[in-house]
Amino acid sequence: MTLGWHVPMAPVWRRLPRPVRTLALWSGALLVAAVGAGSAAVWSERSSIDGLRSTGEHRLALYVNNLQSAIQRHDYLPFVLSMNADIRELLRQPGDHALTDRVNRYLATVTREAQSATLFVMDAAGLTLAASNWDTPQSFVDSNYGFRPYFRQAATLGRGSFYAVGVTTGTPGHFLSHAVYDGGRIVGVVAVKVSLDGLEEAWRFGAERVLVTDDAGVVFLSSEPAWRFSTLGAPSPADARRMDETRQYAGIELTPLPVLERRDVDGAAVLTIEDPQGQGATGYLAQAVPIPELGWHVLVLSDTAPVRAAVRAAASVAVFAAVFLLLVVLYLRQRRRRIREGLLAREALERANTELRRARDEQEIRIAERTADLRSANDRLMREVAERERAERVLREAQDELVQAGKLATLGQMAAGITHELNQPLAAIRTFADNAVVLAERGLHDDLRDNLQRIGQLVARMARITGQLKAFARKTKARAEPIPVARAVQNALILIEQRLRLEKVELDCTLPDGEVDVVFEEVRLEQVLINLYRNALDAMRGSPVRRLEVVIEDTGERVLIRVRDSGPGIPDDVKPRIFEAFFTTKDAGGLGLGLPISAGIVRDAGGQLTAANRDGGGAEFVVDLARAGVQKDAA
Ligand code: ADP
């Protein structure tokens, strides 16, 4: 079924909603089952009917043979008796009692021997002269049977036969007759009544119902007693009249055989006949064969129950087969669906895999690109770092140069002050020297010694000043080492001592109790401090109160050198720029290098230089450095 749908119908079929497909499938399956069951039923009915028919045919032949032999067995009797001398004599002398008696007894004997029902002799008019049952209440003697066809046939044609119900006895039988000739003339008729009751009795044990009908369609022999003397169709008026005249079924009411339905199955007649007891009906396959010489039909009715059973069985088998087929189809469908689903799942998996692989490839490509980017960025960075380092080196060199330049500039500025500083002791030395000459001349040795000592002190002071100068001007490459902060602060102060005095600046220096060291190149720290002192002095030049405060604060971890002045402070617009190189607000002599160089030096030493305005006015610069011991410990 599904095979045919593969090519043209598959798309249409697939597009149908699933419930519709299921419904269609089930309807189809039901249709197939119904058609299958129907065909199986028809086929099995036909084949069973065929079987039944061939059995029936055999039986029919058997029954016909039965019947014919039962009749033929007596066929010779009338002829043989017609030759009997006594019977002939009786017909010549009908009143002879002794002869009649002898013939009666003879007939009775023959009847017994031949097992026939009755034998009797009629004269030419049909009057019975002698009979085998002469001594019974139903004796035929003296009865006239001239109206009976078997008599008429024999009287005219020489012999006859006829089935009828006995007028005298009321029992049915088949009459066979033969004419008795005397000198070529028919003088009487000898007849034998053959009882077929035994035959009926025997047939009753057969599987089939056997009926024998006469030419008018009257059932006169039947294995089913209730159907005897029924008719197959109503007898024609002529037949009815003849039956009446011959008194064939005298006194018996003929009723039609209760055939409820008649149908034709494959050329065979199937009759449904009401059961004799009137309860239900039975189907029979009807088969008939004529016995032309008797004008009869033998009818065999075979019960179709086996056919019905076979039909039912075949239909059930077909239904089972259809159900089985359907189950197989469903199973195959299910299996195909499962396989298809499996395939789809595998395809999806493969697709996902491919996707994954592609994504991974892309990822790898991206990573490779990223790595390349990173590498190139790294290279760039390295180059930049190298560049920076080089620039820094250049800068440091430049800075060193600048420091030197700054120092020289400071030296230049300091030159006047230093000259003054040296001139003072020089003048004093000159005076003391002059005095010494006078004191030596006068012999005042004690005063002279005192004088010379003062000269020595002054020289020492001058040496100190020039020593400081030399140290400041030197282009140092000294190593940073722990130095006492207080010493640097004081050494730097010595260099501005003269300015403090000239400009009447009050100095307030607060030093720590013990020694506090920082790791610094001493000269550089002094240079930073001198810069800060000088800026403070510059700022306070126009101020009414001039006070320079230098405070060394030891926090334990840090050392803060605070340089405070009582100047105007740093204006807000200036403040962000004071650490810029070459930024100055000073009209003359300002280079704008002091603070940036100082900040650079402090930074190099790991510290920080910051500026702020004080609450009470003035500025405060703070050199923030790590305490040497702490730094060492930390290291
Ligand atoms: P210069 O002293 O040659 O001007 P600096 O770098 O030493 O160069 O100082 C930059 C500027 O910072 C000064 O011109 C001044 O305006 C300001 N400045 C420095 N110290 C102080 C201070 N103590 N009070 C106010 N302004 C200051």
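Tabulated values for the structure
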read-out	value
Residues satisfying the stated conditions in region 594-617, i.e. buried (at least 21 other Cβ atoms within 10 Å of the Cβ) and in a loop (DSSP other than H, G, I, E, B)	Gly607
Exclusive hit being farther than 25 Å from Asp86 by Cβ and in contact with a Leu (Cβ under 6 Å, 6 or more places away or on another chain), set Ser161, Ser223, Ser230	Ser230
Sole residue being modelled with pLDDT under 85 and either closer than 30 Å to Ala33 by Cα or part of a helix (DSSP H, G or I) (or both), chosen from Ala345, Ala359, Ala416	Ala416
Test set (1) within 16 Å of the ligand (Cβ to nearest atom); (2) modelled with pLDDT of 90 or more - Arg524 fails condition number	(2)
Any hit, region 54-75, residues being among the polar types (S, T, N, Q) and within 60 Å of the chain's Cα centre (by Cα)	no
First in region 596-623 and closer than 15 Å to Ser566 by Cβ, second anywhere and within 11 Å of the ligand (Cβ to nearest atom) and among the hydroxyl-bearing types (Ser, Thr, Tyr), Cβ under 8 Å, 6 or more apart	Gly617/Ser566; Gly618/Ser566
Strands (runs of 3 or more DSSP E) lying entirely in region 479-539 (those with 2 or more residues that are farther than 25 Å from Asp400 by Cβ)	506-510
Scope region 282-323; condition touching a helix residue (DSSP H, G or I) at 6+ places or on another chain (Cβ under 6 Å) and not aliphatic (A, V, I, L, M); matching residues	Gln287, Ser302
Single unsatisfied condition, Gly233 versus (1) on the phi > 0 side of the Ramachandran plot; (2) touching a helix residue (DSSP H, G or I) at 6+ places or on another chain (Cβ under 8 Å)	(2)
Test: Phe621 is surrounded by fewer than 15 Cβ atoms within 10 Å (Cβ to Cβ) and either of a type in the set (A, V, I, L, M) or within 11 Å of the ligand (Cβ to nearest atom) (or both)	no
Evaluation of Glu113 against (1) touching a Leu at 6+ places or on another chain (Cβ under 9 Å); (2) of a type outside the set (Lys, Arg); (3) surrounded by fewer than 17 Cβ atoms within 10 Å (Cβ to Cβ) (one fails), failing number	(1)
Residue in region 552-567 that is modelled with the lowest pLDDT, counting only those that are surrounded by fewer than 15 Cβ atoms within 10 Å (Cβ to Cβ) and not charged (D, E, K, R)	Gly556
Residue count for region 548-580, restricted to those that are within 13 Å of the ligand (Cβ to nearest atom) and in contact (Cβ under 8 Å) with a residue 40 or more places away in the chain	12
Neighbours by Cβ (under 6 Å, 6+ apart or cross-chain): first from region 514-532, touching a residue at least 12 places away in the same chain (Cβ under 8 Å); second charged (D, E, K, R)	Val516/Asp554
Criterion violated by Thr585 - all others in (1) touching a Gly at 6+ places or on another chain (Cβ under 6 Å); (2) modelled with pLDDT of 90 or more; (3) near the ligand (Cβ under 8 Å from one of its atoms) satisfied	(1)
Unmet criterion (only one of (1) part of a loop (DSSP other than H, G, I, E, B); (2) more than 8 Å from the ligand (Cβ to nearest atom); (3) aliphatic (A, V, I, L, M)) for Leu591	(2)
Considering residues of region 437-467 that are small (Gly, Ala, Ser) and in a helix (DSSP H, G or I) only, the residue farthest from Leu493 (Cα to Cα)	Ala440
Of all residues in region 266-316 being in contact with a strand residue (DSSP E or B) (Cβ under 8 Å, 6 or more places away or on another chain) and assigned to a helix (DSSP H, G or I), the one that is surrounded by the fewest Cβ atoms within 10 Å (Cβ to Cβ)	Ala305
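The values are calculated or read from the model by the stated rules, or taken from the named source; none is laboratory data. Here the structure is a predicted model, which is why all the values come from computation and not from measurement. Virtual Cβ from ideal backbone geometry, glycine too; neighbours counted across all protein chains shown.
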